[in-house]
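Report on the following structure.
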Amino acid sequence: MSMAQRSWTDSGFLLGEWEVRPRHGTLLKRADEKSLPIQLEPRVMAVLGCLARHAGEVVTRDEFIAEVWGGRVVSDEALSRCVSLLRQVLADDSREPRFIRTVSRVGYTLLQSPMPLVAAAPGEVASGPGEAPVAPPPTERMRAAKTLRSLGLRRGVVMGVACVGVVAGLAALYSPRVTHSEVDGPPPPVTRLLVLPFDTSQARDFGRDVGNELADEIADSLAHVERLRISGRTSASALAASHVSALEAGRRLGVDAVLDGAVAESPPGLRVTVRLTATSDARVLWSRVYERKPEDIFAVQSSIASAVVRELVGLLSRDWLAGVPSVEPDSRNLQAYQLYLRGAHQVRLRGEDSLRTAVDLFSAAARRDPAYARAQVGLANAYALLPSYTFEDPAEMYSLAEKALATADRLAQSRSASAGIRAYLAFMRRQWNDAETAFRTAIAVDPNNPDMRQMYSQLLGAVGRLDAALSQARLAQELDPLAPVVADRIGVLHLWLGQDAEAANDVALARELGLEEAAYPETKIILKLHQHADAEAADALRKLQQAVHRSEDWIEPTLDAYRHPEKRPAAIAMLDAAQKSGAISARIYFGAMVLLESPQRAMYAFAALDDRDANDLEFLFAAEAAAVRRDPQFGDFVRKMGLEAYWNRFGWPGACQPQGARIICH
């Protein structure tokens, strides 16, 4: 929708019991006289506005990108997060929705029709509820290409060595049509590979499910080779969504070759087309067409991956093929495998709705095939992630994840597929030694998994090894340069290390890639303070307080005391009173005590946090918390957190060292 032809909903509308003011960014519950307006992030409000303009219709991901993000390429997680926040504010149940319904693998629908709040302003299109708006001009959709082009020029992206594949031999059982390049001369060396999502526009039902996961299955198998670098899924999906050619996508990520394909209906089965293209000279190194019945999809996946190996083996050392796992799934039940594929896709989307859907799909797959170990591993992964996106009790979700992993152990001989989930669970439970060991195992098994690298970075940061945490985050970015959460993670670490200019650049990049707000807005407030943008920091704090209907009176005095140490005793006394009365949260109080250099209160506040996480702990190793670390009791504090045992086994951080029976930090 162009700015010149806006909808009447932009002026404000009623949605059930809610009064929505898009221009103010607020929602107000009209039936409650004591209710205060709730401030929404601009992009979250834009998503609600888009749904309102298309009330009763299914709004697809591409339509959200065109109308809300102006055609700029963003990750699926950015949209899922916006919808999740809307559901939290509206108190909407994703299982029995009153407002927003998820249409699996398609988009979202606003169930209630918005009602006009005010008359349409001059120049606006006063279309009625449900009337289709004018589509955005095609030029808006092309902004994605410009964004990624500028990103590619600035970031330098994917590095690495070696393209490999899996289990050769099964392809000989079939007779697919093969096409080789007619270009003379030896093929260019292939050392880095991008596997793009397969085109499923000509497929339906099972074919679409298979197409969504086929590229991931191949990439997963290739990525298990230690010397291989496969570009991450977020980058691959973002480039595919921008509708650039496979060749252009590969060149933007700096890879040597691109594997892409398409799945189409070919009654009575499927036609799968796969192509490998060199980015240096646009040479098609290899292409292949498979025509299969749906029940043969297991063989299709294995034969495609095997064919990749066979065609590339002449470019590589045969020794690199040792130990590469097969892509063949561990279920021969077609329906169970289909459910698993759909669940794996939902996990990658993140967000509350997607993860709950994943739990349902993996559970259904396990019921269909009780011996299906991968379904249990997928179920454990979804349960482990849920507390980060919902208000579910972490202890309950982690217990369910452990139960699913125990079932997987009984069904499978190898625990390698579940190593990453075990590492994450140990980390979230602050079992530092177990987490470190499990992360090392997981990375050895899957060295090209950017998500694993990022989670390992969080562990290293929590135990005070900030430089090592930054190194792992950078490796994740090399693997997946268009992942917004990775850019944000690097920005947080630069902030802790006192590298404010780098932190600001990383935060800007994360937003450019689609991350509207950090999962931890407090870190961006600290960056504003470092930049002496106190007014912006105060505004951000007000939004946090308004969102939970708490007092804002303490904000200005606290920021003033941050700048003027002589005012800190009075500010600390005021914050003590605010914390006791519930006017501020325990996390805000903890952060304020660190900023105002009150070590005893900071350590007490941290210990009192019910849901303290990795960012809270690694904040104590940041440059900002030097006064806290210098306190004589900080050594006993970290010992109680279990860090001494970890440091004795895996190495001490630069900030702390043992001196006899004492731990001295600076």
*Carbon/sulfur fraction of accessible area - segment 215-277, other protein chains in place, 1.4 Å, %*: 46 percent
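Residue 505 to residue 33: extension gain in nm, 0.36 nm per residue of separation minus the Cα-Cα distance?
Numbers: separation 472, 0.36 × 472 = 169.92 nm, distance 4.35 nm.
This chain segment gains 165.6 nm when fully extended.
Tell me the carbon and sulfur percent of the accessible area for segment 557-654, rounded to whole percent, probe radius 1.4 Å. Don't jump to the answer; show the numbers that get you there.
Details: 2190 of 4240 Å².
Carbon plus sulfur share of accessible area: 52 percent.
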_C-alpha center-to-center spacing [segment 469-511, segment 589-666] in angstrom_ = 23 Å
*For segment 348-370 and segment 398-438, write down the distance between their C-alpha centroids in whole Å.*
18 Å
*What nm value, rounded to one decimal, do you get for the distance between residue 534 and residue 335 when each label is placed 7 Å out toward the C-beta?*
6.7 nm
*Might you tell me the accessible area per residue for segment 522-627, computed with a 1.4 Å probe and given in Å²?*
44 Å²
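Between residue 399 and residue 91, take the C-beta separation as r, use R0 = 22 Å, and let me know the FRET efficiency to the nearest 0.05. If you can, show how the numbers build up before the last one.
Values: r = 26 Å, r/R0 = 1.20.
The value I calculate is 0.25.
The values are calculated or read from the model by the stated rules, or taken from the named source; none is laboratory data. The structure displayed is predicted, hence computed values, not measured ones. Don't worry about glycine lacking a Cβ; one is built from the backbone with ideal geometry, like all the others, and counts go over all protein chains shown. Areas reflect the complete protein model, heavy atoms only, side chains present, ligands, DNA and RNA absent. Shrake-Rupley method; radii C 1.70, N 1.55, O 1.52, S 1.80 Å.
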